[in-house]
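Reading through the structure tokens given below for one structure.
The values are calculated or read from the model by the stated rules, or taken from the named source; none is laboratory data. Small disclaimer: the values here were computed from a predicted structure and weren't measured. Methodologically, a virtual Cβ is constructed for each residue, glycine included, from the backbone with ideal geometry; neighbour enumeration extends over all protein chains shown.
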Amino acid sequence: PIFAKSIVRLFEQAWLLASAEQNPVIRSGHLLVALLTAPDLYQIATRASSLFDLLPIDSMKHKFLEICEKSVEQQDET
């Protein structure tokens with residue numbers, strides 16, 4: 001199957017975020033942060049919904065591990 005270039009780019013950016021944390025798994029939070037920090041992906045997201053503008057992306061990016069500490073995904077990793 002052929003995927004849209006933006007989907008491939010989203011996963012590439014999410015993988016870079018995950019691997020920067022020494023984590024071999026892309027979490028949903030990585031996808032969200034990638035979507036909102038890459039300018040081309042952010043433009044797609046905000047065209048889909050203006051609600052993306054309400055997310056505190058700086059906090060999410062800098063406190064990612066703390067925010068996700070009690071998530072279901074974190075529990076699955078232990």
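Of note:
- Number of the exception - Ala18 against (1) surrounded by 10 or more Cβ atoms within 10 Å (Cβ to Cβ); (2) in a loop (DSSP other than H, G, I, E, B): (2)
- Only one of Ser59, Ser19, Ser50, Ser6 that is modelled with pLDDT under 90 and small (Gly, Ala, Ser): Ser59
- Within the option set Asp40, Asp58, being closer than 24 Å to Lys5 by Cα and either of a type in the set (Asp, Glu) or in contact with an Asp or Glu (Cβ under 9 Å, 6 or more places away or on another chain) (or both) holds for one residue only, Asp40.
- Members of the range 29-58 found to be hydrophobic (A, V, I, L, M, F, W, C), without any contact (Cβ under 8 Å) to a residue 12 or more places away in the chain and closer than 24 Å to Ser19 by Cα, listed by number: Ala45
- Glu66 vs. criteria of a type in the set (Asp, Glu), more than 17 Å from Ser6 (Cα to Cα), in contact (Cβ under 8 Å) with a residue 12 or more places away in the chain and outside any loop (DSSP other than H, G, I, E, B): no
- When the range 1-15 is limited to residues that are over 20 Å from Glu73 (Cα atoms) and in contact (Cβ under 8 Å) with a residue 24 or more places away in the chain, the one that is surrounded by the most Cβ atoms within 10 Å (Cβ to Cβ) turns out to be Arg9.
- In the range 21-63, the residues that are exposed (fewer than 11 other Cβ atoms within 10 Å of the Cβ), in a loop (DSSP other than H, G, I, E, B) and of a type in the set (S, T, N, Q): Gln22, Ser49
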